[in-house]
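One structure is given below, encoded as structure tokens.
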Amino acid sequence: MPLRSFQLSLRFIFPLALVLGLFALATLPVVDELTRRWFMRDLDARSAMLAASLQQPLLELVPLEDVEHIASLLDRSVSEGKLRAIIFCDAAGHLLYQSKNKPSELNCRTAAPSQMRVTERVLEQDGISLGKLVLAQDTSFIDGRSMEFRYYVFAVFLLMFVVISALGAWIAHWSWQGWITALKTLLRRDVITQNSASTPPEFRPLVGDLRAMLHEMNLERRTTQYSPQAWTPQKLRSLLHDELAGDEILVVSNREPYIHERGEHGIEVRRPASGLVTAVEPVMRACSGTWIAHGSGSADRATVDLQDRVKVPPKRPAYTLRRVWLSQEEEDGYYYGFSNEGLWPLCHMAHVRPVFRSSDWNQYVAVNQRFADAVVAEAHTDDPVVLVQDYHFALLPRMVREKLPKATIIMFWHIPWPNPESFGICPWREALLEGLLGNTLLGFHTPFHCKNFIETVDRYLETRIEHEASTIFYGGELTQIEPYPISIAWPEPEEQHDIGVCRAALRTELSVPASHRLALGVDRLDYTKGIVERFQAVERMLELHPEFIGRFSLLQIAAPSRSSLEEYQNLEARVRMLAHHINQRFVNPVAPPVMLRVEHHNASQLAQYYRAADLCVVTSLHDGMNLVAKEFIAAREDELGVLILSQFTGAARELHEALIINPYHIEQGAQALYRALTMPEAEQRERMRSMRTLVRDFNVYRWAGLMLLDAARLRRRQRVTEKIHSFSKRALRRAV
Ligand code: GDG
């Protein structure tokens, strides 16, 4: 029986136990007395019968003083039943005859001895008294019987209690179920269809409230989702103010948005190369709050206060960064091991085998717990909004949920979600899924990733899935699964350099002529980004179109990433070798075809490269979204430039005007490069204009805004549910 019905029935069972107990206590002495009287009356009746049967023989024998026969007669009479003794006394009160074993305390003059019931009968003949017959019955058995009777009465009350309680609990359970079903029907039918005719009268007060609330929610979602008004930091701020007024916002991610490093000129601040940071940082600036992340910089400890906090951005503090410190062992197991050698290849179809080690998993569990504890410690309220970022923290949502059951936990999974078969090879798949179902809201980039996730849960856990509503009900909690395509902050015009200047500056920097055609690649040096395939496409394009030798180069920015892992070291070696090979093959006096920069660049350098390039090449083998594609588009206010985009990125679902390719198909990549290099400006403009409109409107503030709006909606739904529960409880109490 569900806990809820059980709790409700307890309210009925305790008073019942009390009432029955008191009733039993009050009843027992009365029942006792009645039993005693009944037994006495029974004994009296037996004595009277016996005395009557002895009367005639005694009337004959006493005058004869036939001692022998009288004694034998009396002895025979006491041999059965509860009769202890019979005596015969003369009229003066002297004992004349007695049965054997007469108790010494029984005589003709004294009152009945204890534990005995005495009955007397006077024998007369012709009006002359011959004496009296005294029969003494044993009453000691009455106490025993009385005790037995008490046990029976007690057992009857106990049985009544058990039966009534079980019946009560059963009725409570079915009433509860009935109420819930009635409410659900009401919500589906009466509230949604606006049909109140058949609403039971007891629900009518609730229907109006629910309908108004639902209407308001639907209206809000529709207006905000399709509002032509662009999403801005101000709009996000006012949304937070209106929808989550005063609610606390906490962000958790592995990567911190600002890293303090010791450099040649003292402590320097660095922004990491991370799509997650690119997206979440502007949102945090807009909404303040606290961002909890791993303090990985060499000067991070030197820049925090006693609570490990530092205000960021350094130049214009807008929110708090709370750093969590990890030992080398923890970082190796949780970050490099389970997250990046296990989950990363597991979720990306890039044909790199995941590695699962128990020791890594143990560190992953422990570090998730440490971050969950940090969330709980940083929360000042019992129902904060917690935004969990990425695959490093699959277990954290449930851990936080256990400590802060009223929190609204939103998680965004920045990488793809594989199909159930692929995910199924993870030895801890159930634990990961259970952790993720601790979320109130779980977001992926695309509907396809959501579908994969729901199918995976369906395959490996016992849950209730509502496919239409995209919800999963597990362990008494509901998780909403939704796609939220991530994006970037649209750059402010004043932050951008003149495009002509950028073009000239980059060509000077690379020592190539002004007319030199430049393709740009910007990636973390990761095997999922298809850098090898990109170089191969360049090689093939030059094979097919040698007229571009010396007139075209690919500038590849490859930010070092996870370099302590062997897979990444091998990739770097391979990428360097291939670049060298191509440059050797197409050696020319002007410029090498592949310019590889394996180093970190700052954001403003990258923005200038985007503006200076003729085309941008994104050839990911698998990518959740890919922000580089969107950054390139946002940078091109001249509406020129061509984007080549892998079909295996989330971005390809939105940027249809890009040249979409299959990066595994090298010929196709080569053709796309050639087509981009020869595309007329008018076509470039047409394509770029359309993509720019999309990226400007569907920016990162919209991404965060829609998620937070849904969170606010779910918070309200939670409150409605609480209201329904308290309403049902009250009604049920009345019914019971
Ligand atoms: C994941 C998913 C999803 C690159 N080099 C440097 C640098 N970057 C910046 C880029 C861009 C970001 O890093 C990379 O964005 P991606 O989208 O390629 O993302 P991943 O890091 O793989 O991240 C991805 C993303 O999360 C967001 O959800 O799109 O699918 O894999 O912003 O400009 N930034 C700096 N120096 C560099 O050298 N400062």
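The values are calculated or read from the model by the stated rules, or taken from the named source; none is laboratory data. All figures in this text were calculated on a predicted structure; none of them were measured in a lab. Positions of Cβ are backbone-derived with ideal geometry, glycine not excepted, and every protein chain shown enters the neighbour counts. These area figures cover heavy atoms from the full protein model, side chains too; ligands, DNA and RNA do not enter into them. Shrake-Rupley method; radii C 1.70, N 1.55, O 1.52, S 1.80 Å.
Inside the range 68-86, can you point out the residues that are out of contact with any strand residue (DSSP E or B) (no Cβ under 7 Å at 6 or more places or on another chain) and open to solvent by 80 Å² or more (accessible area, probe 1.4 Å)? Break it down into steps so the answer makes sense when it comes.
So in the range 68-86, the residues out of contact with any strand residue (DSSP E or B) (no Cβ under 7 Å at 6 or more places or on another chain) come out as 68-69, 72-73, 75-76, 79-81.
Result: GLU68, HIS69, ARG76, SER79, GLU80.
Would you point out the residue of the range 379-389, among those that are away from the ligand (no atom under 16 Å from the Cβ) and either more than 15 Å from THR479 (Cβ to Cβ) or at pLDDT below 95 (or both), that is most open to solvent (accessible area, probe 1.4 Å)? Show your work before the answer.
Let us first name the residues in the range 379-389 that are away from the ligand (no atom under 16 Å from the Cβ), namely 379-386.
Still in the list and also either more than 15 Å from THR479 (Cβ to Cβ) or at pLDDT below 95 (or both): 379-385.
Details: ALA379: 19, HIS380: 154, THR381: 58, ASP382: 80, ASP383: 41, PRO384: 0, VAL385: 0 Å².
For the range 379-389, the residue satisfying everything is HIS380.
Got at least one residue in the range 247-257 being within 12 Å of the ligand (Cβ to nearest atom) and not in a loop (DSSP other than H, G, I, E, B)?
no
Run down GLN177, GLN137, GLN125, GLN115 and say which single residue is modelled with pLDDT of 85 or more and touching a helix residue (DSSP H, G or I) at 6+ places or on another chain (Cβ under 8 Å).
GLN137
What's the number of the condition PRO405 fails, among (1) modelled with pLDDT of 95 or more; (2) within 30 Å of SER288 (Cβ to Cβ)?
That leaves (1) as the condition not met.
Restricting to the range 569-604, what's the tally of residues that are part of a helix (DSSP H, G or I) and either away from the ligand (no atom under 13 Å from the Cβ) or over 42 Å from the mean Cα position of the chain (by Cα) (or both)? Steps first, please.
We begin by selecting, within the range 569-604, every residue part of a helix (DSSP H, G or I); these are 569-585, 603-604.
Next cut, either away from the ligand (no atom under 13 Å from the Cβ) or over 42 Å from the mean Cα position of the chain (by Cα) (or both) only: 569-585.
Counting residues in the range 569-604 that are part of a helix (DSSP H, G or I) and either away from the ligand (no atom under 13 Å from the Cβ) or over 42 Å from the mean Cα position of the chain (by Cα) (or both) gives 17.
Using the structure shown, decide if ASP458 is within 28 Å of PHE698 (Cα to Cα) and of a type outside the set (Ser, Thr, Tyr).
Taking the combined requirement at face value, the residue does not satisfy it.
When the residues of the range 390-412 are narrowed to those that are within 13 Å of the ligand (Cβ to nearest atom) and buried (at least 23 other Cβ atoms within 10 Å of the Cβ), which ends up nearest to GLY333 (Cα to Cα)?
The extreme case among them is HIS392.
Condition first: touching a Phe, Trp or Tyr at 6+ places or on another chain (Cβ under 9 Å), in a loop (DSSP other than H, G, I, E, B) and without any contact (Cβ under 8 Å) to a residue 40 or more places away in the chain. Now tell me which residues in the range 409-442 satisfy that.
Residue satisfying the conditions is GLY424 alone.
Determine whether ARG702 is modelled with pLDDT under 95 and either assigned to a helix (DSSP H, G or I) or on the phi < 0 side of the Ramachandran plot (or both).
The answer is yes for ARG702.
Against the conditions (1) open to solvent by less than 10 Å² (accessible area, probe 1.4 Å); (2) touching a Leu at 6+ places or on another chain (Cβ under 7 Å), where does LEU437 fall short? Just the number, please.
Tallying (1) open to solvent by less than 10 Å² (accessible area, probe 1.4 Å); (2) touching a Leu at 6+ places or on another chain (Cβ under 7 Å), LEU437 fails exactly one: (2).
If a residue must be in contact with a helix residue (DSSP H, G or I) (Cβ under 9 Å, 6 or more places away or on another chain), free of Cβ contacts under 8 Å to residues at least 60 places away in the same chain and not in a helix (DSSP H, G or I), how many such residues does the range 379-405 contain?
Qualifying residue count, the range 379-405: 3.
If you take the residues in the range 344-378 that are of a type in the set (D, E, K, R) and in contact with a helix residue (DSSP H, G or I) (Cβ under 9 Å, 6 or more places away or on another chain), which one is least open to solvent (accessible area, probe 1.4 Å)?
Across the range 344-378, the extreme among qualifying residues is ASP360.
State all residues of the range 618-648 that are open to solvent by less than 10 Å² (accessible area, probe 1.4 Å), within 23 Å of ARG551 (Cβ to Cβ) and away from the ligand (no atom under 12 Å from the Cβ); if no residue qualifies, say none.
ARG636, GLY641, VAL642, LEU643, ILE644
With the condition kept exactly as written, say whether any residue in the range 325-342 is surrounded by 15 or more Cβ atoms within 10 Å (Cβ to Cβ), touching a Pro at 6+ places or on another chain (Cβ under 6 Å) and modelled with pLDDT of 95 or more.
Yes; the residues of the range 325-342 include at least one that is surrounded by 15 or more Cβ atoms within 10 Å (Cβ to Cβ), touching a Pro at 6+ places or on another chain (Cβ under 6 Å) and modelled with pLDDT of 95 or more.
Among ALA136, ALA112, which is the only one that is open to solvent by 50 Å² or more (accessible area, probe 1.4 Å) and more than 16 Å from SER53 (Cβ to Cβ)?
ALA112
Does LEU640 satisfy the condition of being assigned to a loop (DSSP other than H, G, I, E, B) and under 38 Å from the mean Cα position of the chain (by Cα)?
For LEU640, the condition - assigned to a loop (DSSP other than H, G, I, E, B) and under 38 Å from the mean Cα position of the chain (by Cα) - is not met.
In the range 556-568, what residues are over 20 Å from VAL617 (Cα atoms), exposed (fewer than 14 other Cβ atoms within 10 Å of the Cβ) and within 14 Å of the ligand (Cβ to nearest atom)?
Result: SER563, single match.
Examine the range 293-308 for a residue that is surrounded by 19 or more Cβ atoms within 10 Å (Cβ to Cβ), over 31 Å from the mean Cα position of the chain (by Cα) and within 16 Å of the ligand (Cβ to nearest atom), and state whether such a residue exists.
Within the range 293-308, one or more residues are surrounded by 19 or more Cβ atoms within 10 Å (Cβ to Cβ), over 31 Å from the mean Cα position of the chain (by Cα) and within 16 Å of the ligand (Cβ to nearest atom).
Can you tell me which residue among ALA670, ALA651 is away from the ligand (no atom under 16 Å from the Cβ), part of a helix (DSSP H, G or I) and touching an Asp or Glu at 6+ places or on another chain (Cβ under 9 Å)?
One residue alone meets the criteria, ALA670.
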